[in-house]
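Here, each number is a calculation from the coordinates, and none is a lab measurement. For clarity, every value in this text was computed on a predicted model and none was experimentally measured. Glycine gets a Cβ as well: all are built from the backbone with ideal geometry, and neighbour counts include every protein chain shown.
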Amino acid sequence: MRRIATATALALMAACTPSAPQRTPAEAAAHALTLTPKDARLADLYAQSCKTCHTVLDTSAPLTGDRDAWDARWKKGKPALLTSTVGGLGGMPAGGQCFSCTPADYEALIAFMADREH
Amino acid sequence: MTTRRTVIAGAAGAGVAAVGGAVGYRAWRDREPASPAAQDNEGRLLWRNWSGIQNAYPQQRAAPDGEEALVGILKSAPGPVRPVGAGHSFTPLVPTTGTLLTLDRMSGLVSHDAANHRATVRAGTRLGDLGPALAAIGQEMANLPDINKQSLGGALGTGTHGTGRTLKAIHGDVIAFRLATPKGDVIACDRTTNADIFHAARVNLGAFGAVSEVTLQNQPLKRVLKRTTAHQLDAIIEDWPNLIAQHRNVEFYAIPFTGLAALITVDETDRPVSPRGPDADVDAVMELKALRDLTGFLPGVRRSLAQSAFKDAPPEEAVDEGWKLLSNERPVRFNEMEYHLPLDVQMTALREVIAAIEKHRPDVFFPIEARVIEKDDAWLSPFFERVSGSIAVHAYYKDDYRFLFDLVEPILRKHGGRPHWGKLHSLKAADFATLYPRFKDAAAARETLDPEGRMLNDHLRAVFIDG
């Protein structure tokens, strides 16, 4: 009986603890495709530029909404992320190929993709 | 089974690395190229092209949502006004201290003609978005380039192309377009209306104004089989005339220092859909880089290891709609020079390019791409009245690319090549006047449409006027 109670308690705890679902890479890419910024202007910028790579596994870009993939990048801090975005880094082309984005747009889009909007 | 990675790792384990180059040197060469400041002293945001070799701090960035706003920008915004698509050109077509103009807000399908398989599309549409949009109406473009991030306007403006003996470059299937000009006009062009502008500005370098809409002659949506296979390079070069006759789309990548080639063919099929698997190209390119790093100064060892690692690579096959298979993701950035040559000298030139690289530049590892393109009649088309064989030489974005000018370009020019407008070249107006029979007519048409030169940056002034 005690074992059942313990298992039930653990199950309830697990259900109440917020954690990112474990997804396969293909599932993470499929999930990324379902996401879009709430703001209409950002949504348009995202669809024209960021989305073309950050929802496609073969690009090696961190997928939109994949917090784990963004963790190390997010720890660099917003200024460093903005600098990398504007200048390009590794496979990431400069500006993310969004040429009407402002610095504020980039910061908002990075936060959206990294699942750190709030 | 011995994998490519095992062979290359084995080379390192055998101590080849110690001979091939010091670890410190390799780390130095692998450093990320320095980026200019994200903003200049006046707070203007940096613009760079895809590979990172072209930079600018435009005074203004403009993203019109329609033709009226577009014309206003062309007439009045600070010049030079330079249109940008996805920034995939390696030549300085875009850099401006004036206005950077993006048509990202002018994208999507406008209308279509189902009976004749035609579609009118806004020029800011990215090719990667155009594929599914056309598929939804049962159409597809007859051909696509290797990368599909470009905007339609940018691809047309630079003469961007795919491969296939009977397939034209993208602009070859344009039947009409609307051109907004710095004089404030929007001109509708086709083969009978404003025909001279139609011929002069189908390939336009973004220097005649800005194309706002394009009508494409498409074809019914088809299923194709894409095959990628490894071969001995000499055999592919010998067989090239047969290959281009046999396959709808065909190209190969010659891998320098290895004696190997990767052949890619695409043909229509009734086979059931078998989607493409995970991309293998990035791994292959980085394995070639590892081989270069380990054995760059031991060409015999490099060739032997590559033959062991790649020659028995299993074929890759996929069956799907063409727009899903013809273009590829290219997350490994590079710089590139591509020239389009008379088809009968293409393989001679390719052999000379490979020999020169293998003699002088052991640091090169990127495969060299050979394609074939049908002729067309756009005045500034590199394929103007000439079936062409193209040769594209790449340099990893962290590596020195000057050899493209010093070593490769003289060979391609000697054989009568015309450069891709968006890829590295050193040619000027006088050179183009000898290479393009209608160049002076096109330049005159450009000047009529933009008499104040508002669309010209320094590079384009050299291309059209001063060179």
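On the principal axes of its alpha carbon atoms, chain B extends 68, 57, 38 Å, with the longest extent given first. Taking 7 Å steps out from each Cα toward its Cβ at A:THR24 and B:SER304 produces label points 4.2 nm apart. The radius of gyration of the Cα set in the range B:308-467, together with its Dmax, comes out at 18.1, 60 angstrom. Coordinate range of the alpha-carbon atoms in the range B:173-227 per principal axis, descending: 48, 23, 16 Å.
Once every Cα of the range B:179-294 carries one equal point scatterer and solvent is ignored, give the base-10 log of I(q)/I(0) from the Debye formula at q = 0.10, 0.16, 0.19, 0.20 Å⁻¹, two decimals. Evaluating at q = 0.10, 0.16, 0.19, 0.20 Å⁻¹ gives log10 I(q)/I(0) of -0.61, -0.90, -0.98, -1.02. Backbone geometry of the range B:301-310 corresponds, through the Karplus equation with coefficients 6.51, -1.76 and 1.60 at θ = phi - 60°, to 3J(HN,Hα) couplings of 5, 4, 5, 4, 5, 5, 4, 5, 7, 10 Hz, x marking Gly and Pro. Using the Cβ-Cβ distance between B:PHE405 and B:THR434 with R0 set to 22 Å, the FRET efficiency works out to roughly 0.70.
For B:ARG178, the shell of other residues with beta-carbons less than 11 Å away shows a net charge of -3, using +1 for Lys and Arg and -1 for Asp and Glu.
If you wrap the tightest convex hull around every Cα atom of the range B:271-402 and split its volume per residue, you get 157 Å³. By the beta-carbon count within 10 Å of each Cβ, the least crowded to most crowded order of B:HIS420, B:HIS161, fewest first, is B:HIS420, B:HIS161.
Please list, or write none, the lysines whose alpha carbon is within less than 30 Å of the alpha carbon of B:LYS222, excluding same-chain residues fewer than 8 places away. Hits, sequence-local ones excluded: A:LYS51, B:LYS149, B:LYS168, B:LYS324, B:LYS375.
Among residues other than B:ASP146 with Cβ under 11 Å from its Cβ, the summed charge is -3 (Lys and Arg +1, Asp and Glu -1).
Out of every Cα-Cα pair that the range A:35-118 contains, those further apart than 14 angstrom amount to 59 percent. If R₀ is 30 angstrom, what is the calculated FRET efficiency for the pair B:ASN41 and A:HIS31, using the beta carbon separation as r and rounding to 0.05? The formula returns an efficiency of 0.10 here.
Equivalent ellipsoid of the range B:31-165: semi-axes from √(5λ) of the C-alpha gyration tensor, largest first, are 30, 19, 11 Å. Over all pairs of different C-alpha atoms in the protein assembly as shown, the reciprocal of the mean inverse distance, the Kirkwood hydrodynamic radius, equals 25.2 Å. With θ taken as phi - 60° and the Karplus curve 6.51 cos²θ - 1.76 cosθ + 1.60 applied, the whole-hertz 3J(HN,Hα) list for the range B:74-91 is 4, 7, 10, 5, x, x, x, 8, 10, x, 10, x, 9, x, 8, 6, 8, 7 Hz, x standing for glycine and proline.
Couplings 3J(HN,Hα) of the range B:270-286, computed from phi: 9, 4, x, 4, 9, x, 5, x, x, 4, 10, 5, 4, 4, 4, 5, 6 Hz, in residue order, whole Hz [Karplus 6.51 cos²θ - 1.76 cosθ + 1.60, θ = phi - 60°; x for Gly and Pro].
Here the range B:363-467 is assigned +1 on the Cβ of each Lys and Arg and -1 on the Cβ of each Asp and Glu. Its dipole about the Cα centre then comes out at about 160 debye.
Residue separation of B:THR166 and B:ARG461 scaled by 0.36 nm, minus their Cα-Cα distance, works out to 102.8 nm of gained length.
Of the trypsin sites (Lys or Arg not before Pro) found in the range B:197-303, those in coil by DSSP whose Cβ has at most 15 other Cβ atoms within 10 Å are B:LYS222. Compared with the alpha-carbon gap, the fully stretched path from B:HIS360 to B:GLU452 is longer by 28.6 nm at 0.36 nm per residue. Rounded to the nearest 500, the 222 nm mean residue ellipticity of chain B from helices alone is -8500 deg cm²/dmol, with -39,500 (n - 2.57) taken per DSSP H run of at least 4 residues.
The loop-placed trypsin sites (Lys or Arg not before Pro) in the range B:318-421, going by DSSP, that have at most 13 neighbouring Cβ atoms within 10 Å of their Cβ come out as B:ARG402. Legend: calculated FRET efficiency, B:VAL387 to B:ALA115, from the Cβ-Cβ distance at R0 = 25 Å, rounded to 0.05, equals 0.25.
The share of C-alpha pairs in the range B:265-321 whose separation exceeds 16 Å stands at 57 percent. In units of the rule-of-thumb radius 2.2 N^0.38 Å, the range B:111-251 shows an alpha carbon radius of gyration of 1.17.
Spin-label model, B:SER426/B:SER274: points 7 Å from Cα along the beta carbon direction are separated by 4.8 nm.
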